[in-house]
1. In the range B:316-329, which residue that is closer than 29 Å to B:LEU281 by Cβ and over 14 Å from the mean Cα position of the chain (by Cα) is most open to solvent (accessible area, probe 1.4 Å)?
2. On the basis of being touching a residue at least 40 places away in the same chain (Cβ under 8 Å) and open to solvent by 50 Å² or more (accessible area, probe 1.4 Å), does B:LYS356 make the cut?
3. Across the range A:236-257, what is the total count of residues that are part of a helix (DSSP H, G or I) and either surrounded by 11 or more Cβ atoms within 10 Å (Cβ to Cβ) or at pLDDT below 85 (or both)?
4. Is there a residue in the range A:113-120 that is open to solvent by 80 Å² or more (accessible area, probe 1.4 Å), of a type in the set (Lys, Arg), under 30 Å from A:ASN275 (Cα atoms) and not in a helix (DSSP H, G or I)?
5. Among the residues of the range B:245-255, which ones are open to solvent by 50 Å² or more (accessible area, probe 1.4 Å) and at pLDDT 90 or above?
6. Could you identify the single residue in B:VAL234, B:VAL159, B:VAL196, B:VAL191 that is in a helix (DSSP H, G or I), buried (at least 19 other Cβ atoms within 10 Å of the Cβ) and without any contact (Cβ under 8 Å) to a residue 60 or more places away in the chain?
7. Does the range B:203-216 include one or more residues that are in a helix (DSSP H, G or I), touching a residue at least 12 places away in the same chain (Cβ under 8 Å), open to solvent by 40 Å² or more (accessible area, probe 1.4 Å) and assigned by TED's automatic domain parsing to the domain that holds B:VAL378?
Amino acid sequence: MTTLSDPPKESFRLSMLLYDTRYRSMTIQVIALIGFSAFVWWLIGNTAQNMAALGKTLSFRFLWEPAGYDINQRLIEYSSQSSHFRAAMVGVLNTLVIAVLGCALATVLGIIIGVLRLSRNWIVARIMTVYVEMFRNVPVLLWIVLAMAIMIETQPAPRAFKGDDATASMIFDAVAITNRGVFVPAPSFTSGFASTGLNWLIVLLVFAASIFVVRLVRARATATQEATGIRPTTWYLQLGLLIVPTAIVLLVMGLQWTSPELKGFNFKGGLHLRNSLIALWLALSLYTAAFIAENVRSGIMAISKGQSEAAGALGLRPNRIMSLVVLPQALRVIIPPLISQYLNLTKNSSLAIAVGYMDITGTLMGISLNQTGRELETLLLGMLIYLTISLLISAAMNVYNARMQLVER
Amino acid sequence: MSDTHAQTVAYVRETMLPERAPPATVVGPIGWARENLFSSPANTVITLVALAFVYLIFSILIPWASHNTWSATSLADCREMTGKDHGAACWGVINERWRQILFGNYPEHLRWRPILDLVLLGVALAPILFTNLPRKMLYFSAAYPFIMPWLIWGGTVWVPVLAAMGFVIGFLVIKFGEEVLGSLLAMVLAVVVALVWWLFLLSPLSDVLSSILPIGLEPIGSSRDIGGLLLAFVIGVVAIGCSLPIGIVLALGRQSNLLIVKTLCVGFIEFIRGVPLITLLFVASTLLNIFMPPGTNFDIVLRVIIMVTLFSSAYMAEVIRGGLAALPKGQYEGGDSLGLNYWQAQRLIIMPQALKISIPGIVSTFIGLFKDTTLVSVIGLMDPIGWATAIRADTAWIGVLWELYAFIAVLFFIVCFGMSRYSMYLERKLKTSH
């Protein structure tokens, strides 16, 4: 008769750390962690030693000292007496300005070019292919520098607009393109509040409210359509709701446009868009548009032909096929790479430093760095700011992806 | 039966008529134009507008470009030659300065070395790019990373030889240590031995060897002399070569189920991808020496190469991760069921497929990297754009604009467009589906 006994208890041996899969992953991770910590420790040690040798300490106090330099394009109050922190904020806002402007123009151009590249007209499709290949295969920095050189060297000087025998003239008497920048009419309010920002905020709020109401109208129309099968005609209501309230607000606050005028050797009044802004804006948009065009094209091509044929078989008209069947599916393919193009554009906007546009690279990581000699602090802060912007954009992308994901049954 | 049938239906034709040619309006150039250019009134209008646009471009471009001003020595000279104030290309600037745009200040009598380097690059890449070449050539490809910097920078031959020896020693440690220590320990030991070799033994040994056997090339003065397209090539080729293996390791780390390894890889990748390259180049130019042990002061080009490599390896890792994620799970399970260990499965099953899927992404990362090398002009290195700025500041050529940038743009276009075409060829060749 056999007796039942416990299996011999396995004793832990050191070699099991290596050969037993239960423990091996632990061993690898501990080794990795030790290696990484040692590396970081080594870096910090070196940095501390070098900083001590240079007589520097890690301190962010310089941020509140007067910056002592001027910034020509600023959205918030700033003078050379303001602090480095304020200068950095001006830079961040300028980065955001160029990012938003660039993304808007690049999207519009990219969609047009991408759709035209699929055109059945051979010659149009070819022209767009040439555009895309030309911009994609040449560095963006070259486009930026070239755009800046074109603005400065080939545009007429303000004095060319002067006198009876002027060699240059303003477009519609409102826009002047000169080698010192582009002058456009500036809006202002005669009877609004004292603060310009507050006025614009009111306009924006009214516009947002009217968009909200329009969406309500649309939702009701859809509800009616689902209940009765007939969609009420609401486009004039929607259009009116979209335009009228904002127009009334603008009228009440007395919106007026001040055109630039030639005074002395330069234009006065109006909005002065500097060369650096224009060059950076155009170059970044044209460059990114080529990439967006490819995303749009591949998105549309990714929708199989059977989809539009099936929709046609159901009796939908071509524009309804596009808006109800092809576009919703294509957008799911297009938008993620589109957002990563936005991210690229925002990061490429740091090339502003090549044309002297004062974004965060030009202020904090440029002049502030040179004036205070605090490389470590300014570069860390600058990277942190870019990292925050990038992470915000990719968070937005993740939210979108999660919402748009195919719900499979 | 069939006979009677044939008689009853006498109108059935028994001989084949020769095919008639389709009408001239639907085939050939005319038919093609009708279908593609003039299919509807709207299409016709668009075609005419597009043709007018193309004509406009060429009517400006061709008269502008077709001035023979190659021998001019200054912009004023050009103006005199053509008799025009503007609207005439001044090719003299290219004729006079192309050497700087291509080589920078690289010593003139040594310029055969970068050219030889480029030729050898072609030889080294050929067996990788075209699989029908003899496989023995891959040995040369493996040696090329050590030959290339030696040819550019010059100096004693022993440094690259000993650096290559480090890899050989590491490999030998793995090969012979595996049986005694097991694969994991052997790998760790190999890395440690190789690092010790490079960091502590390489420079004294090379000093000794070069004093015994002084074989070498004439060293160039300073690496700031490397400029122009040569600089873009040096940075681009080294960073491309290094970023692919680092990217693969990072991608595997990100995919692994070891929490700490994964976190480290994700942190690195997201940090690098979140900041612009220009900030990393600022780090290279101002901060990297602060991070190193006191007294180290290494070359600015090397510092830039390190940062560019780190930058592109993060992007590479994401591309390869996409390839890994696209593989069906059955491939991993298949590897496991054959009894392969992690590295065997990666090497024999996963990586070949994942890399194939990610070829378009890898090549577009390469193209992006090569274009990004121009950013070094912002930190004061003289790449083609840096030279363009310098030439435009020269009194003889103030005001030159289109010729110079067009020349540089064409240089970059040729390289980048070539790469993208090759990737399309490769995609077609490797396609195994129908």
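1. Filtering the range B:316-329 for residues that are closer than 29 Å to B:LEU281 by Cβ and over 14 Å from the mean Cα position of the chain (by Cα), the one most open to solvent (accessible area, probe 1.4 Å) comes out as B:ARG321.
2. Considered against the rule, which asks whether it is touching a residue at least 40 places away in the same chain (Cβ under 8 Å) and open to solvent by 50 Å² or more (accessible area, probe 1.4 Å), B:LYS356 comes out as yes.
3. 15
4. No, that holds for no residue.
5. B:PRO245, B:ILE246, B:VAL249
6. Details: B:VAL234 fails: without any contact (Cβ under 8 Å) to a residue 60 or more places away in the chain; B:VAL196 fails: buried (at least 19 other Cβ atoms within 10 Å of the Cβ); B:VAL191 fails: buried (at least 19 other Cβ atoms within 10 Å of the Cβ).
That would be B:VAL159, the only listed residue that is in a helix (DSSP H, G or I), buried (at least 19 other Cβ atoms within 10 Å of the Cβ) and without any contact (Cβ under 8 Å) to a residue 60 or more places away in the chain.
7. No.
Results for (1) out of contact with any helix residue (DSSP H, G or I) (no Cβ under 6 Å at 6 or more places or on another chain); (2) at pLDDT 85 or above; (3) not assigned by TED's automatic domain parsing to the domain that holds B:TRP402, shown as yes or no for each residue.
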position	(1), (2), (3)
B:VAL54	yes, yes, yes
B:ILE57	yes, yes, yes
B:PRO63	yes, yes, yes
B:ALA72	no, no, yes
B:ALA88	no, no, yes
B:LYS136	yes, no, yes
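The values are calculated or read from the model by the stated rules, or taken from the named source; none is laboratory data. Being a predicted model, the structure only gives us computed values, none of them experimental. With ideal geometry, Cβ positions are generated from the backbone for all residues, glycine too; neighbour counts draw on all protein chains shown. Just so you know, the surface numbers come from the protein's heavy atoms only, side chains and all, with ligands and any DNA or RNA stripped out. Shrake-Rupley method; radii C 1.70, N 1.55, O 1.52, S 1.80 Å.
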